[in-house]
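Taking it in order: structure first as structure tokens, then the write-up.
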């Protein structure tokens, strides 16, 4: 979202999907004047949607098929249409990118105390693409064994169970997240780098404040935006609606998703978690990572929310950060500015080291 300071008229480009649905104020970095944005959804409920007249697309078809509404007299029933489209998406298995089977198999083997590293290595080697990625990851500077790991079995032994689980998850997720998304205007590197940064940030926050769920936070952070993989083609089809809505309504991409589709990418990502047999705690955390207060105090939701918010920052600016974080998020986890500075520095170094030879 582009905003203009009313004082000096300098224009800033804020990350759309990080702006909270509330009224926020912050000082212009240039002239120090106050910039105020009112992003509350109730402020826009009576405004016309500039995209509702688009010709026969999924949304229009579902309106006539499932709601029977008079378009001119009653307007679109976004909730009913959204639910119908969501069901349509979830029923279409081809729309759901599968988590590589080897990742699920490795998790199953690691949960069985009677099976060995040899069994894990054999399972990984059934998918040569995953095996190759795992070797690159194991040899990255991040794990401190650059160029020293020559085989999958060796990787399993030297990494150990805890680290191996993390590395296999990264290898599997990279095959999913290493894609460009035209609707979201993200190239493959941007999506993957962001996902990795959020995963590492989530791990660092959990290690500091909730060490018991460190591994869960990492896995959830890694796939928190996976719903975008499913929604991208629908957004491409309705790109004009999205562009017009955000331009005319001055709202975030996240709110455009909810207004035009009836749901957002976090909801779809949560559904994917079930498809991928992820733990419920992670599914809930991903579902509410934009508004963690609605998660019923789910630690992972708050952890991803903060990791996601700081992942694109070059340095911690608390005044700006408070405008994109949901109120009370830092207090919920007991995080201070010095913690965030250390975490951001750690994440930047970790992303660079983990991808140094990938």
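Descriptive notes on the structure:
- Checking each residue of region 146-166 against the condition of being in contact (Cβ under 8 Å) with a residue 60 or more places away in the chain, surrounded by 20 or more Cβ atoms within 10 Å (Cβ to Cβ) and either in a helix (DSSP H, G or I) or over 24 Å from the mean Cα position of the chain (by Cα) (or both) gives no match.
- Among the candidates 322, 277, residue that is closer than 27 Å to residue 111 by Cβ and either modelled with pLDDT under 95 or not assigned by TED's automatic domain parsing to the domain that holds residue 84 (or both): 277
- Every residue from region 215-262 that is in a loop (DSSP other than H, G, I, E, B) and under 12 Å from the mean Cα position of the chain (by Cα): 223, 224, 225, 226
- Residue 135 vs. criteria crowded, with 22+ Cβ neighbours inside 10 Å and closer than 18 Å to residue 102 by Cα: no
- Within region 243-275, the set of residues being more than 28 Å from residue 330 (Cβ to Cβ) and surrounded by 22 or more Cβ atoms within 10 Å (Cβ to Cβ) comprises 245, 259, 260, 261, 272.
The values are calculated or read from the model by the stated rules, or taken from the named source; none is laboratory data. For clarity, every value in this text was computed on a predicted model and none was experimentally measured. Glycine also receives a Cβ, built like all others from the backbone with ideal geometry; neighbour counts cover every protein chain displayed.
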